[in-house]
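As structure tokens, the structure follows; a few thoughts come after it.
FYI, it's all coordinate maths here, none of it is from the lab. Everything numeric here is computed off the predicted structure, so don't read it as measured data. Glycine gets a Cβ as well: all are built from the backbone with ideal geometry, and neighbour counts include every protein chain shown.
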Amino acid sequence: MTPLLGVLVSEAWVFYPLAVLTVGGALAMLLSRNPIYAAMSLVLTFFGLAGLYVLLSAELIAALQIIVYAGAIMVLFLFVVMLLNLGDADLEMPRLSVGTIVGGGSALAFWCVSWMVFQHLPEAMPATLPEGFGQVASVGRLLFTQFILPFEATSILLLAAIVGAVVVAKAKI
Amino acid sequence: MATVPLAHYLALASALFAVGLAAVLVRRSALVVFMGVELMLNAANLTFLSFSRAHGAQEGHAIAFFVIAVAAAEAAIGLAIMIAVFRSRKTVNVDEVDALKY
């Protein structure tokens, strides 16, 4: 099986626009004062990431990315932003302090160091992949055989998260 | 046909992680700090899927699935804590919620 998009158009023509979209959305999230705009920029980033996952032949994870991240989690964020109902005075003003410079500088330094490390990786991706790679049937089979214990533990984690969220957020129980 | 090398995928993931890290370190609104954490988890997912593609192995897809599930649980609990903090202190700025610091 050859990767899906690589045969139709050149992979680079899809990757670099999606990379610009993703990083641009992330930077807009970092720089916007209003949490609503930050959340909408992050939705843009998540859609770009879903496109990149399709490019990496991970169709199931791309679908989950849109359903869970761009759908459920970001709706939860927007819901909480509106519930808190922050006024204009509560929005943080941009300021250039020592903490801002050190924080931004360390993030930039992290990226430079990791880029230097990645230079030493082998170049090429394999041209062909196993049959059904990244699709629902084969990933699902993996989840229900080799990863069955973490899969079941995840269900308990989600149950605990539901109960915990209600207990923490409710005013009177 | 021009294919994209593995290093470019990883550099993109690391750039997203750096932006998320900057959001956690620099921003004061706890909401945006949480968005930074979500972005860092997504960057880790992109790394897992890139290595999966490079090695032709699907285990990275299973790990990415678990990361998404844990991120959903983390968002639910984190936003519930934020609502509780806002109810008692009328603010969600992380530099004003420092009772455990002293």
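Enumerate the calculated ³J(HN,Hα) couplings along segment A:32-40 in order (Karplus 6.51 cos²θ - 1.76 cosθ + 1.60, θ = phi - 60°), each rounded to whole Hz, writing x wherever the residue is Gly or Pro.
7, 6, 7, x, 5, 5, 4, 5, 5
Could you work out how far the C-alpha centroid of segment A:104-130 sits from that of segment A:156-173, in angstrom?
Their Cα centres are 39 Å away from one another.
If you place +1 on the Cβ of every Lys and Arg, -1 on the Cβ of every Asp and Glu, and leave all else neutral, what size is the dipole of the protein assembly as shown about its Cα centre, to the nearest 20 Debye?
680 debye
Calculate for chain A the 222 nm mean residue ellipticity that helices alone would give, adding -39,500 (n - 2.57) per DSSP H run of length 4 or more and normalising by residue count, nearest 500 deg cm²/dmol.
Value at 222 nm, helices only, nearest 500: -22000 deg cm²/dmol.
From the residues A:Val68, A:Ala107, A:Leu86, which one has its Cα farthest along the dipole of chain A in the positive direction, the dipole being from +1 and -1 charges on Cβ of Lys/Arg and Asp/Glu about the Cα centre?
Looking along the dipole axis, the top candidate is A:Leu86.
Hydropathy at least 1.6 by Kyte-Doolittle, axial extent at least 27 angstrom from the Cα trace: which helices of chain B, defined as entire DSSP H runs, fit?
Details: long enough: B:6-26 (30 Å, 2.15); B:30-55 (38 Å, 1.16); B:59-89 (44 Å, 1.50).
Helix filter hits for chain B: B:6-26.
Go through segment A:25-30 residue by residue and turn each phi into a ³J(HN,Hα) via Karplus (6.51, -1.76, 1.60, θ = phi - 60°); whole Hz please, and just put x for glycine and proline.
x, 5, 5, 4, 4, 5
Can you list the HN-Hα couplings for segment A:50-67, worked out from phi with the Karplus curve (6.51, -1.76, 1.60; θ = phi - 60°), rounded to whole Hz and with x for Gly and Pro?
So the Karplus estimates, Gly and Pro as x, are 4, x, 5, 5, 4, 4, 8, 6, 10, 5, 5, 5, 5, 5, 5, 4, 6, 5 Hz.
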